[in-house]
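See below for the structure under consideration.
The values are calculated or read from the model by the stated rules, or taken from the named source; none is laboratory data. These numbers come from a predicted model, not from an experiment. We place every Cβ from the backbone using ideal geometry, glycine too, and count neighbours over all the protein chains shown.
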Amino acid sequence: MTNKIFISFVLFLVLVKIIAVFSTDFNLFADEAQYWLWSKNLDFGYFSKPPLLAWCLRIYTSVFGDTFAALKFFSMPFYLFTAFFVYSLCKKLGFEKPDSLCCAIIFFIIPAASLSSVIVSTDVILLFFWIILINLVLEIRNNPKNLSFVFLGVFFGLAFLAKYAAIYFLICLIVLFVFDKKTRKSTGSNIQGVILFVLVSFVFILPNILWNYLNGWVTLSHTADNANLKNYDLNIFRGVGFLFTQLLMLGPFLFVGFLINIKNFKIDFENIYLLSFSLPIIIVVFVESVLVRANANWAAPALLALLILFYRSIKKHKTIIIHITFFFNLGLGLFLFFAIATSMPLKVFDRISGLKDFALEVGSITDGKTLVVNDRMLFSSLSYELRDRSIKILMPYNPSGPIKNHFQLKSKLEVGQNKKFYLVGSPDSISYLSQKHQTKIIKKINKKFISEQITIYEVSF
């Protein structure tokens, strides 16, 4: 009976998301358009991300097409399978079947999952492989077979190719190794298996390492710039804000229930295991948020173990909290999809409204001529919205400066490449061309998705 209820509930939520996607007038996020564009130019790496998302999108769009609706459904299967492995993990941790199903459902409707299940992102794939990895760790602890270590290497390699944050897995594994004697004994009893894990992982990540080497380690430079630890600015309130966003992404009531029931918290293996795969990530990203900044999704893998930890700590004593969590998260998710379906004019949606109309206007102005765009977001969005037009889109890049995005690396405007083009952005961005050129303002456009006025120029030499 519980299986039927679970399946019915999941189908209901998927139906809600389908209706929302097909009803909305919103457009793709710029990052989604960027990933789509990467998928049309397959490689072993990209400026800011590893390649797996682009590979998956290429396979997916070759079957389902490049439409807005098709791309919006890309993430849903990953979340469904992730929820299944949450269920599997709960069973391995000694949950009864109803509690395992309930925890899987709660994962499926937490605010983070509700939002990102209709967004193309690297986090979606990373979470899928992460939950498989931490399931495998439990299996190896109980039965350290060579094959299990091989699978661990395969899925770690895939997780790394999905997002570099997969490196947190190794940190978490070391923490578990330190605090759990049986894990140390199991891994120590099969050195051959450990070697297999290392070798298989290396085989998977080697192509991306070679790509970075051949492209001047641009991803490493970008990651260092993102961290920006040289220009740190201690701010504890940023750290508190980061922790608060993590609770919001889970739904705050689970944490409240955990605090209320903290006196019953036991330091047993199950909790050590769950803390090992959550707390180190939270601590690392919290420190970074205090020193510089941190985006809410940077600690996304921690949320899986944290959710199960909170659920486990309160399921026997505070079931009312679980019910409140369920209905709160469900209500918030349904409101979100109602807002998407109705294209509700909320400020949070400014970046995904009006893009198509703007792109069509730009397309009519350029009339098939080369388009030069100096903003990464606009470059991605225009490339997607004008995908059916024969318009070549390039990015200005001054060779004397640092590379700031993938398009400056792979789609740069070379000196002497074009005698005439249309420029979206500032003429200063093409000053490196050094040749005498004339610019004529064609149009100035105000749009909500960008903070400044967009100016379109006709440029000729």
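One line per residue, one yes/no per condition, for (1) touching a Gly at 6+ places or on another chain (Cβ under 8 Å); (2) surrounded by 13 or more Cβ atoms within 10 Å (Cβ to Cβ); (3) closer than 27 Å to ARG351 by Cβ:
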position	(1), (2), (3)
LEU386	yes, yes, yes
HIS406	no, yes, yes
LYS412	no, yes, yes
GLY425	no, yes, yes
ASP428	no, no, yes
HIS437	no, yes, no
LYS447	yes, yes, yes
ILE456	no, yes, yes
**Request:** Could you look through segment 212-226, keep only residues that are within 12 Å of LEU409 (Cβ to Cβ) and in a helix (DSSP H, G or I), and pick out the one that is modelled with the lowest pLDDT?
**Result:** HIS222
**Item:** Whichever residue in segment 182-197 is loosely packed, with under 12 Cβ neighbours inside 10 Å and touching a residue at least 40 places away in the same chain (Cβ under 8 Å) and, among such residues, is nearest to PRO50 (Cα to Cα)
**Value:** GLN192
**Item:** Filter result (in contact with a Ser or Thr (Cβ under 8 Å, 6 or more places away or on another chain) and more than 16 Å from PHE128 (Cβ to Cβ)) within segment 55-66
**Value:** ARG58, THR61
**Prompt:** Taking helices (runs of 4 or more DSSP H) that do not extend beyond segment 60-135, which have at least 3 residues that are at pLDDT below 95 and on the phi > 0 side of the Ramachandran plot?
**Reply:** none
**Message:** Considering only residues that are touching a residue at least 24 places away in the same chain (Cβ under 8 Å) and within 19 Å of the chain's Cα centre (by Cα), which ones fall in segment 22-42?
**Reply:** ASN27, LEU28, PHE29, ALA30, ASP31, GLU32, ALA33, GLN34, TYR35, TRP36, LEU37, TRP38
**Prompt:** Quick check, is SER364 among the polar types (S, T, N, Q), within 29 Å of SER426 (Cα to Cα) and either out of contact with any Leu (no Cβ under 8 Å at 6 or more places or on another chain) or outside the structural domain of LYS419 (by TED's automatic domain parsing) (or both)?
**Reply:** yes
**Prompt:** In segment 89-141, how many residues are over 26 Å from PHE337 (Cβ atoms) and under 23 Å from the mean Cα position of the chain (by Cα)?
**Reply:** 7
**Request:** Would you point out the residue of segment 292-322, among those that are in a loop (DSSP other than H, G, I, E, B) and within 23 Å of the chain's Cα centre (by Cα), that is nearest to LYS266 (Cα to Cα)?
**Result:** PRO301
**Message:** Against the condition of a type in the set (Gly, Ala, Ser), at pLDDT 90 or above and either more than 30 Å from LEU42 (Cβ to Cβ) or in a helix (DSSP H, G or I) (or both), how does SER201 come out, does it pass?
**Reply:** yes
**Item:** Those residues of segment 296-333 which are among the basic types (Lys, Arg) and buried (at least 21 other Cβ atoms within 10 Å of the Cβ), in sequence order
**Value:** ARG312
**Request:** Keeping to segment 159-198, report how many residues are polar (S, T, N, Q) and either modelled with pLDDT of 95 or more or part of a helix (DSSP H, G or I) (or both).
**Result:** 4
**Request:** Keeping to segment 262-277, report how many residues are free of Cβ contacts under 8 Å to residues at least 60 places away in the same chain and either in a loop (DSSP other than H, G, I, E, B) or not assigned by TED's automatic domain parsing to the domain that holds TYR79 (or both).
**Result:** 4
**Selection status of ILE430, modelled with pLDDT of 90 or more and in the same structural domain as LEU382 (by TED's automatic domain parsing)** = yes
**Item:** Scan of segment 19-36 for residues that are over 13 Å from PHE74 (Cβ atoms) and among the β-branched types (Val, Ile, Thr), ordered by number
**Value:** ILE19, THR24
**Request:** Working carefully through the options ILE403, ILE430, ILE365, find the one that is hydrophobic (A, V, I, L, M, F, W, C) and in a loop (DSSP other than H, G, I, E, B).
**Result:** ILE403
**Message:** Just checking, does segment 437-453 include any residue being in contact (Cβ under 8 Å) with a residue 24 or more places away in the chain and in contact with a Lys or Arg (Cβ under 6 Å, 6 or more places away or on another chain)?
**Reply:** yes
**Item:** Matching residues in segment 345-356 - criterion: being assigned to a helix (DSSP H, G or I), surrounded by 14 or more Cβ atoms within 10 Å (Cβ to Cβ) and not β-branched (Val, Ile, Thr)
**Value:** PHE349, ASP350, ARG351, LEU355, LYS356
